[in-house]
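Peer 1: There's a structure below that I have some questions on.
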Amino acid sequence: MTGELHEAKRPVSAVLAGPYGHPFHPMLVAVPIGAWVASMVFDLASRFAPEPGFLAEGSKWLIAIGVLGALAAAMAGFLDLFAIPAGTPAFRTGLLHMGLNLVITAAYAAGFLWRQTGPAAGTAAGEVALGPLLLSAGSLALLVVSGYLGGKLAYRYGVRVADEATQAGGFRR
């Protein structure tokens, strides 16, 4: 067991996944999470603003930034997953986390393409149509679930987190 835990803490490649105890994946996920949360704020604001076109356009490009950021985060996350021993609860959690993130990223990419077709009939000029808005809301809800699983990997299972002996250095006077 100790060997498996130690294995899950060390990077497969420090250059690609980040050095020991400081993985790149958690740093990179801030981009898609921030972009997609901001896009939802823009989507909702577009339903109430008198001239919503700039908000709908901003939301669309925030979604694109989020998709690109998610692809970068996925590469580092895959390397972190590769370090977790197969058949363990941590590995199964990692697979579910990865699967959800792939679905979420695909949904946002589809939403971006949907928004390229223009406003739906029956919507005010420039506001985000209900369909793309609901797709984004559902994707964001799944992102919360996936984020919970990512937190479980780091904070419960200690994946890519420095061991306690290394952490203790931060508490010495």
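The values are calculated or read from the model by the stated rules, or taken from the named source; none is laboratory data. Everything quoted here is computed from the prediction, not taken from an experiment. Don't worry about glycine lacking a Cβ; one is built from the backbone with ideal geometry, like all the others, and counts go over all protein chains shown. All accessible areas refer to the heavy atoms of the entire protein, side chains included, with ligands and DNA or RNA removed. Shrake-Rupley method; radii C 1.70, N 1.55, O 1.52, S 1.80 Å.
Peer 1: Rounded to whole Hz and in sequence order, give me ³J(HN,Hα) for the stretch 46-58 from the Karplus expression 6.51 cos²θ - 1.76 cosθ + 1.60, θ = phi - 60°, writing x for Gly and Pro.
Peer 2: Per residue, the Karplus-derived 3J(HN,Hα) values read 5, 7, 10, 6, x, 10, x, x, 5, 5, 5, 5, x Hz.
Peer 1: Please find the FRET efficiency linking residue 71 to residue 163, where r is the Cβ-Cβ separation and R0 is fixed at 25 Å, and quote it to the nearest 0.05. Spell out each step's value before the answer.
Peer 2: Numbers: r = 31 Å, r/R0 = 1.22.
Efficiency, from the Cβ-Cβ distance: 0.25.
Peer 1: Express in nm, to one decimal, how much length is gained between residue 154 and residue 141 on full extension, taking 0.36 nm for each residue of separation and deducting their alpha carbon distance.
Peer 2: Gain on extension, residue 154 to residue 141, equals 2.6 nm.
Peer 1: Residue 117 accessible area, nearest 10 Å², 1.4 Å probe?
Peer 2: For residue 117, the solvent-accessible surface is approximately 110 Å².
Peer 1: On to the next question. Quick one: dipole size for the stretch 51-172, taken about the Cα centre, charges +1 on Lys/Arg Cβ and -1 on Asp/Glu Cβ, in debye to the nearest 20. Before the final figure, lay out the partial values.
Peer 2: Details: 7 positive and 6 negative charges, 66 e Å.
I would put it at about 320 debye.
Peer 1: Let me ask something else. Mind listing the phi-derived Karplus ³J(HN,Hα) values for the stretch 150-164, rounded to whole Hz, using 6.51, -1.76 and 1.60 with θ = phi - 60°, and x for any glycine or proline?
Peer 2: The phi angles translate into x, x, 4, 4, 7, 8, 9, 8, x, 5, 6, 9, 4, 5, 4 Hz.
Peer 1: A follow-up question, please. Can you run phi through the Karplus equation (6.51, -1.76, 1.60; θ = phi - 60°) for the stretch 26-38 and list ³J(HN,Hα) in whole Hz, with x for Gly and Pro?
Peer 2: After applying 6.51 cos²θ - 1.76 cosθ + 1.60, I find x, 6, 6, 5, 4, 5, x, 4, x, 5, 6, 5, 4 Hz.
Peer 1: Hey, can you grab everything whose amide H is under 5 Å from the amide H of residue 162? Only 5+ residues off in sequence or another chain; H modelled, so Pro and N-termini drop out.
Peer 2: Those qualifying (amide H under 5 Å, at least 5 residues apart or on another chain) are 21.
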